[in-house]
1. With the other protein chains left in place, how much accessible area per residue, in square angstrom, belongs to the range 301-458 at a 1.4 angstrom probe?
2. Let's test the formula: R0 of 51 Å, r as the Cβ-Cβ distance of GLU322 and ASP143. What FRET efficiency results, to the nearest 0.05?
3. If I take every Cα pair under 8 Å that is 6 or more residues apart in the chain, average their sequence separation and divide by the length, what percent do I get for the relative contact order?
4. Determine the relative contact order of the range 209-323: mean sequence separation of Cα pairs under 8 Å and six or more apart, normalised by residue count, in whole percent.
5. Express the C-alpha Rg of the range 44-93 as a ratio against the empirical globular expectation 2.2 N^0.38 Å, rounded to two decimals.
6. Taking the Cα-to-Cβ direction at ALA109 and at MET1 and moving 7 Å from each Cα, how far apart do the two end points lie in nm?
7. Can you give the convex hull volume per residue for the Cα atoms of the range 25-72, as a whole number of Å³?
8. What whole-number value in cubic angstrom gives the convex hull volume per residue for the C-alpha atoms of the range 289-422?
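The values are calculated or read from the model by the stated rules, or taken from the named source; none is laboratory data. None of the values given here were measured: they were computed from a predicted structure. We place every Cβ from the backbone using ideal geometry, glycine too, and count neighbours over all the protein chains shown. To get the accessible areas, we keep the full protein, side chains included, count just its heavy atoms, and leave off ligands, DNA and RNA. Shrake-Rupley method; radii C 1.70, N 1.55, O 1.52, S 1.80 Å.
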Amino acid sequence: MRDARGLPLTTVDRTAADRYDTAVLEFASFTDNPVATLDKALEADPTFAEALAAKAALNCTTSEQPLEAETAALVAAIEDLGAKAGETARRHAAAAKTWIGGDWHRGNALWGALAMDHPQDLVAVQTAHLTDFLLGQNQMLRDRIAAVLPAWSEDLPGYSYLYGMRAFGEEESGHYAQAEESGLRALEMQPRDPWAVHAVTHVMEMQGRAGEGIAHLRGREADWAPDSFLAYHVWWHLALFHLDRGETDEALKLYDNGVHPQHTEIAMEMLDAAALLWRLGLMGVDVGARWQDPLTVYEDQAEDGYYAFNDLHAMMTFLGAERFDLADRLIERLQARAGEGGSNGMMTRDAGLPAVLGLRAFARGDYETAVEQLELARPAAHRFGGSHAQRDVIAWTATEAALRGKLTSRARGLLAERLTAKPQSPTILRQQARLCRMTDRAADAERAEAEAQRFADTAAL
């Protein structure tokens, strides 16, 4: 028996195979519930090696420490099957085992090699792509897809999703025109592709095209919002566009109704909640009691230090909720992690620890230390994963620290850098106006304010 792309399967149960094919496309499209669908495949055939492997791979893309025990059990089940598991499932198991063992970079490389050898294994391709994202490997996000595309054709189920992945990789590599083209091509083939919608959104975010971004997301809302487990993140992007235009009330509504509408313990959703609240705080917005719900989850993780990128957002939560005791506990844990081996030890040492030290200094009003630590983190921040848009919070916080601390030369340099990248950002232009007032350049401040208002108004498409 073979899957929808012609790869051999170990099951002889047609129902199990059909459910597996459905789950693979759910995973690729970020829609419905691929885990539940894989569970149904395994109900039909508990020894279905490819379904076991797909579930293990999916678990590894979540950055969820509690799933490691289940992943270990899935790997053991495949290993117990021996040669009956088939080559690809055994290689998936080896990659997953390496990943949960803490060598994330080697695990990622094993999935990448599997995708090269079996380019139509959509689970291997997507897992390599998503773990590239978790590891901040921007160029590999692009090149991984370029390596497998020649082996595909439009008649193979899932072909369009490769273009969504390609678009995101091109965007993270700084090739914005190509990324937008690839993303729109993906959406022409399959409109219901939240990852492709998300990739085009990233292009508009990086270029400061807030009005176009809002129109893009609102115009395609039916394609990315219903039944998508990526929707919370796309709502976050929509909130960022409104933030840039100074529409903080709208951003708060999006937080309440889309980004964090109810309690969750899912790591990816938690970090978007924290990230949006922190940015609102940088803009001087009172978020009320909204920090309390994320706090209930992050408080239990203060001494985990599992993934440096998640730790950054836990620190935002502790500081936003004014729980400096938890912030100090997290820093102690990360100082220990920084001396350890493995992928997360490197991430913590190079980027995570200086970033959280910078945030803590910022919250305490020690702006000079905040800038110093955040500037240490910035060059290495890609090493702890996330996207350019997500990691921008480090530069934004450093800029705000320089302005609040009246560190004029640092503020001038940071703002020059940020305006070069996003010259039509109302938020950055308003920060520029603050610097001009700080240095007694009233006329320049008025011009910057006028420019900010012009872009905020004309961006409302």
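1. Per-residue accessible area for the range 301-458 comes out at 40 Å².
2. 0.70
3. 11 percent.
4. 21
5. Details: Rg = 10.3 Å, N = 50, 2.2 N^0.38 = 9.7 Å.
Taking the Cα Rg and dividing by 2.2 N^0.38 Å, one obtains 1.06.
6. Taking the two extended label points, one gets 3.6 nm.
7. Considering the Cα atoms of the range 25-72, their hull volume per residue is 78 Å³.
8. 101
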